[in-house]
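The values are calculated or read from the model by the stated rules, or taken from the named source; none is laboratory data. These numbers come from a predicted model, not from an experiment. For neighbour counting, all protein chains shown are included, and Cβ atoms are generated from backbone atoms with ideal geometry for every residue, glycine included.
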Amino acid sequence: MMLLQKILLPTDFSRSSEDAVNWAVTLANIFDSEIILVHVLPDDTNLEMAMDTMMLRKTAHNQLNDIRKKIGRNWIKTAEPIIVKGSPFERIVQLADSFDVNLILMGSGEKESGDKFKLGITAEKVIRTSTKPVWVIKQGVLSHIKRILCPVDFSTPSFRALKNAIHLARKFKAELMVLNIVAPVNKNLTGLDLQFATAAKNISKIQHSHYALFLENFDFHDVNWNKETCFGEPFKEILKVISEQNSDLLVMGTTGKTGLNKILIGSVTEKVIREVPRSFITMNTEDVIKLQIEEEIKGLESSLKYGAELLKQGFAKEALAQFKRCIIIDDLFAPAWEGLATTHKRMGDKKGRTTMPEPGKRNS
């Protein structure tokens with residue numbers, strides 16, 4: 001069972017890139033992932049610059065091979081490093097699509113001189129233009145994951161973000177906080193103070209109801225989690241909670257529409273990722289954790305074991321298929337029926353058959 005098969009690891013050999021390499025090794029060890037190393041050279045046509053580029057290519061090749069050896073010492077799969085020319089963010093996004101990676105993992109990059117924001121230009125542009133999840137490692141910050149924060153606004157991207165945050169929390173045995181923020185009502189739109197107070201109360205009540213319904217869609221088993229509701233400007237509240245809770249990782253969905261091959265990041269996400277002092281993952285249309293079912297699974301015991309592992313990892317529907325496979329082979333195989341009952345209970349489904357037939361009344 002593969003959950004995080006491929007990690008694209010762009011590096012510019014900076015300090016933040018070194019931290020990203022170390023974390024990629026940690027992730028690959030946990031998920032048995034393959035790391036794809038890449039470095040992007042400047043695309044210059046000037047002859048003198050072209051000669052410099054040849055030297056840069058040679059230097060980059062040597063440095064990439066050093067990184068590859070480091071990765072290899074941890075028994076991690078990694079192919080021949082890739083060196084390409086062009087715009088860094090464009091080539092990174094292209095390669096991520098070409099290799100169909102689960103994740104782009106990169107350092108936060110170097111800030112422009114005098115820039116108050118904590119995110120480099122390349123990292124920000126990759127987030128803006130990639131449909132793949134992007135995990136940005138802040139320099140000198142992330143060494144382990146004990147607390148994960150996932151803000152939700154009930155949108156499709158935030159649904160995806162929470163689903164993946166749950167998988168990561170379960171895998172890292174980390175605490176997960178799910179955060180919903182009620183934005184302030186614009187008093188100018190309501191006029192009178194009484195109307196303002198009534199509108200604010202009604203909005204808060206409706207959002208609380210939506211929050212409860214939203215959370216019912218998720219399987220939190222084996223996860224130490226809690227939910228919080230804050231009131232105020234969303235991006236300010238997110239940054240405040242990260243600081244107060246000392247979160248190690250932020251998982252956020254991006255909000256916007258695709259068009260002309262670009263992603264429009266929601267204003268809240270944009271403000272948060274530019275100022276957040278922690279490492280973070282942004283997600284739009286694809287998952288970090290993508291289940292790849294093993295093709296060759298034979299026999300009762302192997303299917304049963306695989307179904308149990310799928311259920312443990314939070315993939316109830318896929319586990320159901322494995323237990324049903326066992327029952328097709330032998331409809332009196334009690335452990336499969338037990339697994340089926342547990343799975344239906346986990347899914348909140350009481351309609352599916354979960355009792356073993358009596359001997360002599362086998363399924364046709």
It is to be established whether one or more residues within the range 315-330 are under 25 Å from Ile166 (Cα atoms) and at pLDDT below 85. no
Scan the range 92-103 for residues that are assigned to a helix (DSSP H, G or I) and surrounded by 20 or more Cβ atoms within 10 Å (Cβ to Cβ) and report the count. 3
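Within the range 2-43, count every residue that is touching a Phe, Trp or Tyr at 6+ places or on another chain (Cβ under 7 Å) and assigned to a loop (DSSP other than H, G, I, E, B).
First, the residues of the range 2-43 that are touching a Phe, Trp or Tyr at 6+ places or on another chain (Cβ under 7 Å): 3-4, 6, 8, 36.
Narrowing the set further to residues that are assigned to a loop (DSSP other than H, G, I, E, B) leaves 3-4.
Selection size over the range 2-43: 2.
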In the range 148-173, how many residues are within 20 Å of Val241 (Cβ to Cβ) and within 10 Å of the chain's Cα centre (by Cα)? 6
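Residues are listed down the side, and each one gets a yes or a no for (1) outside the structural domain of Asp97 (by TED's automatic domain parsing); (2) out of contact with any Leu (no Cβ under 6 Å at 6 or more places or on another chain); (3) not acidic (Asp, Glu):
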| residue | (1), (2), (3) |
| --- | --- |
| Ile289 | yes, no, yes |
| Gln292 | yes, yes, yes |
| Lys305 | yes, yes, yes |
| Glu309 | yes, yes, no |
| Gly314 | yes, yes, yes |
| Lys317 | yes, yes, yes |
| Leu320 | yes, yes, yes |
| Lys324 | yes, yes, yes |
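Search the range 291-313 for residues being assigned to a loop (DSSP other than H, G, I, E, B) and closer than 23 Å to Lys173 by Cβ, and hand back the single one that is modelled with the highest pLDDT.
Filtering the range 291-313 for residues assigned to a loop (DSSP other than H, G, I, E, B) gives 291, 293-299, 313.
Now drop any that are not closer than 23 Å to Lys173 by Cβ, which leaves 291, 313.
Numbers: Leu291: 84, Gln313: 90.
Selected residue: Gln313.
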For the condition modelled with pLDDT under 90, touching an Asp or Glu at 6+ places or on another chain (Cβ under 9 Å), among the polar types (S, T, N, Q) and surrounded by 14 or more Cβ atoms within 10 Å (Cβ to Cβ), what is the one hit in Thr78, Thr53? Thr53
